[in-house]
Amino acid sequence: MFKLPSGQEIEQETLQAPDLTLLNQRIQDVLFTLSDFRKKKEDGRSRADYMECLARDLTTYYGFALFALKKEEEDKGCCVCCLLRALWACLSYL
């Protein structure tokens with residue numbers, strides 16, 4: 001079962017150059033977990049925890065600014081989940 005990184009692990013990652021292999025794998029793991037959240041989630045973790053991790057990793061991996069995703073959400077009244085699904089679908093064609 002995939003386990004989300006702790007706050008300390010995230011802090012350590014921000015002090016170093018991004019490990020694109022790690023980020024890519026974690027993006028895939030989070031998407032896999034979200035595909036059947038009730039069965040695959042880590043105990044004590046919410047869907048919001050996974051979405052936050054996914055948004056952070058996508059912004060780092062692909063160079064998007066997190067505020068741009070949130071701004072889009074506010075402007076169009078969309079949920080972050082819908083935006084990330086659309087973004088992921090677009091990126092899968094690259």
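Only a single item in (1) in a helix (DSSP H, G or I); (2) at pLDDT 90 or above; (3) surrounded by 13 or more Cβ atoms within 10 Å (Cβ to Cβ) is not met by Phe32, and it is number (3). Scanning segment 61-71 for any residue that is closer than 19 Å to Met1 by Cβ and either loosely packed, with under 14 Cβ neighbours inside 10 Å or modelled with pLDDT of 85 or more (or both) turns up nothing. Applying the condition of being under 15 Å from the mean Cα position of the chain (by Cα) and among the aliphatic types (A, V, I, L, M) to segment 2-27 and asking which residue is farthest from Asp49 (Cα to Cα) yields Leu20.
Condition check ((1) in contact with a Phe, Trp or Tyr (Cβ under 9 Å, 6 or more places away or on another chain); (2) free of Cβ contacts under 8 Å to residues at least 40 places away in the same chain; (3) closer than 12 Å to Leu4 by Cα) across all residues:
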| site | (1), (2), (3) |
| --- | --- |
| Leu15 | no, yes, no |
| Leu20 | yes, no, no |
| Val30 | yes, yes, yes |
| Thr33 | yes, yes, yes |
| Arg47 | yes, yes, yes |
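Residues that are touching a residue at least 12 places away in the same chain (Cβ under 8 Å) and surrounded by 14 or more Cβ atoms within 10 Å (Cβ to Cβ) were ranked within segment 35-45; the one that is nearest to Met1 (Cα to Cα) is Lys40.
The values are calculated or read from the model by the stated rules, or taken from the named source; none is laboratory data. Owing to the predicted nature of the structure, the values given are computational and were not obtained by experimental measurement. A quick note on method: Cβ atoms are made from the backbone with ideal geometry, for glycine too, and the neighbour counts reach across all protein chains shown.
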